[in-house]
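Accompanying notes for the structure given below.
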Amino acid sequence: MCGIVAAVAQRNVQNILLEGLRRLEYRGYDSAGMAVCDKHGALKRQRAVGKVQALAERLASESLAGNSGIAHTRWATHGRPSEPNAHPHQSRERLAVVHNGIIENHEPLREELSAQGYVFESETDTEVIAHLLERESRTAGDLLTAFKQVVSGLDGAYALGVMTVDEPEVVVGARKGSPLVVGVGIDEAFLASDPLALLQVTDRFIYLLEGDVVRLSSGGRIEIFDASGAAVERPIQTFEHGDGAASKGDYRHYMLKEIHEQPAVIAAALEGRLGDRSVLVESFGPDAEALFRAVRNIHIVACGTSYHAGMVARYWLERYTGVPVQVEVASEYRYRRVVVPEGTLFVTLSQSGETADTMAALRFAMQQGNYLGSLGICNVPGSSLVREASLNLMTQAGPEIGVASTKAFTTQLTALMLFTLALGRVRGMPDDEQAELVEELRRLPGLCSQVLGLDADIEALSTAFAEKHHALFLGRGAHFPIAQEGALKLKEISYIHAEAYPAGELKHGPLALVDSEMPVISVAPNDDLLDKLKSNLQEVRARGGELYVFADENVGLTPAEGISVLHLPHIHEALAPILYTLPLQLLSYHVAVLKGTDVDQPRNLAKSVTVE
């Protein structure tokens, strides 16, 4: 999704802003732009459609030199990708704005401003902010006062960065429903929508809270005001991951690097949370045990890949804790009348902690007042989800740059298993059963490494998909959501249409699609549903379908005509969904490489979806 970088420094900020934009490319965007106040006090701007490199080429021929500036990568919401629609937006060459989010009342504001003589050059909702600020600044006396007046009249979600020629060494910003952080330098200050954008200049950050307004000025001065307008101080936090975490290293793509990081990040997710024979409930927070004891129902609400993780968790939670679980798509959850049984815990997951639909669902749920509390499972410290949920469990995945989620998903699953065992512990789960699963969790990173060792075999398998246009994924039980995740990965990065079904549903419709041109991918762990799955696979072969099966080494499935089998190491059936995710990720990756798509930044998608 859109990205913001801004700086007030004692040096030329052009390259700082440009590098920040490059570090935000993973979020997904269609255009980029930059504005600075030059040494003559003039506002200068460059914009380009396409990649940040296109902007860099513009800057190489006509640079922007100045000690303060704002920059942006845009993902289209209002108006097509075009240079006039790219940020920053200006008003009468006095003022420039960059904006993430959506202004819901932009149409009446546009009409009002047009009637007052303001000329709109774009189709965006953002340009109304620039003109409103230009209007208010004429009477407010300073940019900060005008800015506070303007944001008070905006409906919707936003993160904003603003500068004006009247105060050339000042940048102001605000956040409401969209993330914004302050980078703290030495006599310098920065703004960004993601701390990754600023790791080349600082590792110290202030995470702005909902409704905060900030003013950066020369000498590194930082002033913050809360939603009521009162001056406040926010803590400075050191970023936990080194700058190298956002580098591809020796890998061809970020996605491949992140797939291969999974043994290490799963181990990090487990670190400090496992006792000798049980999960440490205290790792969820000091109030977790009392809250868990009161749980009688669970609602899991999430989007996309995180929703699939929640679907897997339903099988685990109902099996090991006996608690009924309902899993909801966040974008649908708050638009119906939700019945909340007594004793219900709200659980939500988000890689970024800023997903707009997920955050809206969490806020909606907490406003109802019917839930015991909320548990947030997230990868980003200081994010909105972490700040607003009652309890939190960090997944420890580190920065995930590839748009198609990989390590964030498997660490979410790991965190959900920890939650399952923690809840089971306080609800009387047998000690031996807890101890067995804890020991299996300790083995999990090593087993993941073994599966990743099959990379070359999976790459060879992927050649069968290079000319395909459709694919069908099958799974049973907790592996149906894994099949859904496998289908999502294939369609996200290779643009092959893919669907997933419970294998037992084949005869209820999907078999009509099966022929020699429809590859069918299945996962076959060694569990109670194996014999039924084998029967379903025979249904595919009987119709001429080509089968590609990732199977437990002990299940007795062997390659044959029309059946390709790749054996995985044996694992406890409860943890098999985590392990069987990895070969599906690798398959999708290698198919996408063969098809020549943009693996890390697939078309039309964004990493952090901060608009509804």
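Tabulated data
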read-out: Positive-end extreme of charge dipole, the chain - chosen from 99, 266, 366 (charges on Cβ); value: 99
read-out: Residue order, fewest to most surrounding Cβ atoms within 10 angstrom, among 102, 458; value: 102, 458
read-out: Debye-sum result for segment 1-56 in log10 I(q)/I(0), which assumes one identical scatterer on each alpha carbon, at q = 0.20, 0.24, 0.31 Å⁻¹; value: -0.72, -0.97, -1.39
read-out: Mean separation of Cα contacts under 8 Å (6+ apart) over length of segment 3-245, as relative contact order %; value: 20 percent
read-out: Dipole magnitude of segment 249-450, debye to nearest 20 (Cβ charges: Lys/Arg +1, Asp/Glu -1, about Cα centre); value: 440 debye
read-out: Radius of gyration, Dmax [segment 227-341; alpha carbons; angstrom]; value: 19.4, 51
read-out: Positive dipole terminus of segment 3-245, leading residue within 227, 214, 41 (C-beta point charges); value: 41
read-out: Qualifying GluC sites (Glu not before Pro) for segment 408-479 [loop in DSSP, other Cβ within 10 Å: at most 16]; value: 467
read-out: Peptides 360-366, 485-491, 288-294 ordered by average Cβ neighbours within 10 Å, highest first; value: 485-491, 360-366, 288-294
read-out: Cleavage-rule hits (trypsin sites (Lys or Arg not before Pro)) in segment 364-448: DSSP loop, at most 16 neighbouring Cβ within 10 angstrom; value: 427
read-out: Low-density loop cleavage sites - chymotrypsin sites (Phe, Trp or Tyr not before Pro) in segment 531-591, where at most 16 other Cβ are within 10 Å (DSSP); value: none
read-out: J(HN,Hα) series, segment 425-437, from Karplus relation 6.51 cos²θ - 1.76 cosθ + 1.60, nearest Hz, glycine and proline x; value: 4, 7, 9, x, 4, x, 4, 5, 5, 4, 4, 5, 5
read-out: Fewest-first sequence of 344, 145, 202 by Cβ atoms within 10 Å of each Cβ; value: 145, 202, 344
read-out: P(r) histogram, all alpha-carbon pairs of segment 102-223 included - 5 Å bins from 0, percent; value: 2, 11, 20, 21, 20, 14, 8, 3, 1, 0
read-out: Dipole in debye (nearest 20) - segment 296-401, about Cα centre, beta carbon charges: Lys, Arg +1; Asp, Glu -1; value: 240 debye
read-out: At 1.567 mPa s and 4 °C, Stokes diffusion of segment 3-245 via Kirkwood alpha-carbon radius, µm² per second; value: 74 µm²/s
read-out: Inter-label distance, nm, simple model (7 Å from Cα along the C-beta direction), residue 363/residue 294; value: 2.5 nm
read-out: Peptides 179-189, 36-46 ordered by average Cβ neighbours within 10 Å, highest first; value: 179-189, 36-46
read-out: Dipole magnitude of the chain, debye to nearest 20 (Cβ charges: Lys/Arg +1, Asp/Glu -1, about Cα centre); value: 540 debye
read-out: Residue pairs, from the table 489/595; 468/489; 407/534; 468/595; 44/176; 491/532, whose Cα atoms sit over 20 Å apart; value: 407/534; 44/176; 491/532
read-out: Cα→Cβ-extended label distance, 7 Å offset, between residue 449 and residue 495, nm; value: 3.9 nm
read-out: Label point 7 Å beyond Cα of residue 62 along Cβ direction - residues of segment 118-141 with amide nitrogen under 12 Å; value: none
read-out: Distance (nanometres) between label positions extended 7 Å along Cα→Cβ at residue 252 and residue 54; value: 2.6 nm
read-out: Pairs of alpha carbons in segment 249-450 whose separation is greater than 32 Å (percent); value: 12 percent
read-out: Quarter of Cα convex hull surface for the chain, i.e. mean projection, nm²; value: 27.9 nm²
read-out: Of 530, 593, 493, farthest towards positive along the dipole that unit charges on Lys, Arg, Asp, Glu beta carbons give segment 453-600; value: 530
read-out: Whole-Hz couplings from phi, Karplus 6.51/-1.76/1.60, listed for segment 566-573; x for Gly and Pro; value: 10, 8, 10, x, 5, 9, 3, 4
read-out: Counting DSSP beta bridges with both ends in the chain, the antiparallel % (nearest 5); value: 60 percent
read-out: Order of 283, 228 - criterion: other Cβ atoms within 10 Å of each residue's Cβ, fewest first; value: 228, 283
read-out: Distance from segment 130-147 to segment 450-499 (C-alpha centre basis), Å; value: 53 Å
read-out: Percent RCO, i.e. relative contact order, over the chain, from Cα pairs under 8 Å lying at least 6 residues apart; value: 12 percent
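Rule-based calculations on the coordinates, nothing more; no lab input. Worth saying up front: this structure is predicted, and the values here are computed from it rather than measured. Cβ sites come from the backbone with ideal geometry, for glycine too, and all protein chains shown count toward neighbours.
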